[in-house]
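This report concerns only the one structure given below.
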Amino acid sequence: MSKRALVIEHDPSISLGNLEPVLREAGYDIEVVDARTADLELMDATGADVVVVLGNDSGVYEKDRLSYIATEETWLASRLEAQRPTLGVCFGAQIMASALGGEVYKGDSTQIGYREVTPTPEGSQSPVAVFDGVPVVQWHGDTFTLPEQATRLAGSSDYANEAFAVGDWALAIQFHPEVTVEMYRQWLADGRESVTNQGLSEDELMREHMELNERMQAASAEMLRSWLHGLEKTQ
């Protein structure tokens, strides 16, 4: 019997990227919904075998301005309460943290480009261990407090909370290992003002990406395979 992966998207340019072929290889049928327009209240939060919550240009704390974020968080809280397998990437990690009782807020710095994340001792025994010594794409200026029931898996020079887990069923990563070359080119074009404001060069960031991308792609696939394998062992 095929398995179902429900992907919560907020912008077509912030897609599954290199995570998609890994899900398909593992036997998942993929359904993508746009949180900005989908009727999440009408969807069973616990129905999908796996939910993946992707990135967003907006912040979790913008609920008053963007009502869909509150709806999404309530839906996600129901899923997490039921301990159903959920993976969050960047905004996805932040809204998972908020749904679990953490606080999401603007950080002291904006990260754009490749950065190293350092696994904690617990992270070294988790799927994120593959990023030890492998720089990954960062594109965020928000952060969050660690939910009480979560285990911190990784940090970086700027942000202590780069990844966390709850049991074997919930994994949240603040960074962007899913980014393909095509996605990164699009992000740099769309985010040209942000890149310039940070004193960065679009050409230099692209050169860095071409140099470091292959190792990140391999680590991304290995992380997801490891997490999915862990789900199979507990089901």
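Every read-out reported here was derived from the displayed coordinates using simple, explicitly stated rules and does not represent laboratory data. Everything quoted here is computed from the prediction, not taken from an experiment. Cβ placement follows ideal geometry from the backbone for every residue including glycine, while neighbour counts extend to all protein chains displayed.
On the basis of the beta-carbon distance and an R0 of 22 Å, SER67 and VAL32 show a calculated FRET efficiency of 0.55.
Extension gain ASP132-SER78, at 0.36 nm per residue separation less the Cα-Cα distance, in nm? Mind showing how you got there, number by number?
On the way: separation 54, 0.36 × 54 = 19.44 nm, distance 3.26 nm.
Using 0.36 nm per residue and subtracting the Cα-Cα distance, I get 16.2 nm.
In order along segment 97-104, the phi-based Karplus estimate (6.51 cos²θ - 1.76 cosθ + 1.60, θ = phi - 60°) of 3J(HN,Hα) comes to 4, 5, 5, 8, x, x, 10, 10 Hz; Gly and Pro are listed as x.
Taking N as the residue count of the chain, its C-alpha radius of gyration divided by 2.2 N^0.38 Å amounts to 0.94.
Where only DSSP H runs of four or more residues are counted, the chain gives -11000 deg cm²/dmol as its mean residue ellipticity at 222 nm, each run worth -39500 (n - 2.57). Converting phi to 3J(HN,Hα) with the Karplus coefficients 6.51, -1.76 and 1.60 and the offset θ = phi - 60°, segment 167-175 yields x, 9, 9, 10, 9, 10, 10, 7, 8 Hz in sequence order, with x at every glycine or proline. Listed by Cβ neighbour count within 10 Å, with the fewest neighbours leading, GLU81, GLU72, GLU232 appear as GLU232, GLU81, GLU72.
Shown in residue order for segment 141-148 are the 3J(HN,Hα) couplings computed by the Karplus curve 6.51 cos²θ - 1.76 cosθ + 1.60 at θ = phi - 60°: x, 10, 8, 7, 7, 6, x, 4 Hz (x for Gly and Pro).
Among GLY88, LEU200, PRO127, whose Cα lies farthest out toward the positive end of the dipole of the chain, if unit charges sit on the beta carbon of Lys, Arg (+1) and Asp, Glu (-1)? The listed residue farthest towards the positive side: PRO127. With a simple spin-label model that places each label point 7 Å from the Cα along the Cα-to-Cβ direction, the separation between GLU122 and SER13 comes to 3.6 nm. When +1 charges are put on Lys and Arg Cβ atoms and -1 charges on Asp and Glu Cβ atoms, the dipole computed for the chain relative to its Cα centre reaches about 400 debye.
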